[in-house]
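Reviewing the structure listed below.
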Amino acid sequence: MLQRIQTIYILLFIIVLFSASLLPFASLNIQDNIYILFPTGWEQNGGDIEKSPLYVGYLVAISFAVLQFVNFKKRKKQLRYGKICYLIVLLTLVYMFNNVNEKSDNLILETTNTLNVIYSYSMYLLISSLPLMFLANRAIKKDENIIKSLDRLR
């Protein structure tokens, strides 16, 4: 049903993930150069230097969340889509951290100066989307258990 609590969790997940896809993930400051990681790739002082497919993870996770929202009558499909969505967000997060570490290692090798890594709000939004999907899956599973118990009583 659309009026259940998991609908609110799924909508919040979509909103949080969409807003996270618009913001930069991290910035690396070294001397006068600022490298910023956006979902489309790295930028240095306003110009693109490397392309990165991070936005694909956001788009796929949002699309699975929309599928989960639309299939409100099929709870097993909803659970499957929620697990896939959870996995995609985790993989995107790991890829982002790996990308930042790789870039910072390359910059440290090129220069002898210290490097400051500053994570933006987007990282925190991406991490905060995980409990929302967990709560949505938990509520769907609870509904499924209630329906099964009612079927046993008949």
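Take Y81 and decide whether it is within 18 Å of I8 (Cβ to Cβ) and without any contact (Cβ under 8 Å) to a residue 24 or more places away in the chain. In short, yes. Take T92 and tell me if it is under 12 Å from the mean Cα position of the chain (by Cα), surrounded by 14 or more Cβ atoms within 10 Å (Cβ to Cβ) and among the polar types (S, T, N, Q). Spelling it out, T92 is indeed under 12 Å from the mean Cα position of the chain (by Cα), surrounded by 14 or more Cβ atoms within 10 Å (Cβ to Cβ) and among the polar types (S, T, N, Q). When restricted to residues that are open to solvent by less than 70 Å² (accessible area, probe 1.4 Å) and closer than 17 Å to V70 by Cβ, the range 2-39 contains 7.
Listed here are the residues, each with its yes/no results for (1) more than 13 Å from the chain's Cα centre (by Cα); (2) surrounded by 16 or more Cβ atoms within 10 Å (Cβ to Cβ); (3) at pLDDT below 90; (4) among the aliphatic types (A, V, I, L, M).
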site	(1), (2), (3), (4)
L87	no, no, no, yes
M96	no, yes, yes, yes
N113	yes, no, yes, no
Y124	no, no, yes, no
P131	no, no, no, no
F134	no, no, no, no
K148	yes, no, yes, no
R152	yes, no, yes, no
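Going by the conditions given, is S27 modelled with pLDDT under 80 and among the small types (G, A, S)? Against the criterion (modelled with pLDDT under 80 and among the small types (G, A, S)), S27 does not qualify. Look at the range 40-58: where a residue is assigned to a strand (DSSP E or B) and loosely packed, with under 14 Cβ neighbours inside 10 Å and a partner is polar (S, T, N, Q) and at pLDDT below 80, sitting 6+ places away or on another chain with Cβ atoms under 7 Å, you get Q44/N33; K51/T40. Taking first residues from the range 66-78 that are touching a residue at least 24 places away in the same chain (Cβ under 8 Å) and partners that are of a type in the set (A, V, I, L, M, F, W, C) and open to solvent by 60 Å² or more (accessible area, probe 1.4 Å), the Cβ contacts under 6 Å between residues at least 6 apart in sequence or on separate chains come to F72/L2. Can you tell me which residue is modelled with the highest pLDDT among those in the range 98-111 that are open to solvent by less than 70 Å² (accessible area, probe 1.4 Å) and of a type in the set (A, V, I, L, M, F, W, C)? Residue satisfying both the conditions and the ranking: V100.
The one condition from (1) open to solvent by 90 Å² or more (accessible area, probe 1.4 Å); (2) farther than 23 Å from I15 by Cα; (3) modelled with pLDDT under 85 that K73 does not meet is (2).
Which of the residues that make up the range 63-114 are within 30 Å of I146 (Cβ to Cβ) and in contact with a Phe, Trp or Tyr (Cβ under 6 Å, 6 or more places away or on another chain)?
F64, A65, L67, Q68, Y81, I84, C85
The values are calculated or read from the model by the stated rules, or taken from the named source; none is laboratory data. From a predicted model like this one, the values you see are computed outputs, not experimental measurements. Ideal geometry is used to build each Cβ from the backbone, glycine not excepted, and the neighbour counts take in all protein chains shown. The accessibility values were calculated without ligands, DNA or RNA, using every heavy atom of the protein model including side chains. Shrake-Rupley method; radii C 1.70, N 1.55, O 1.52, S 1.80 Å.
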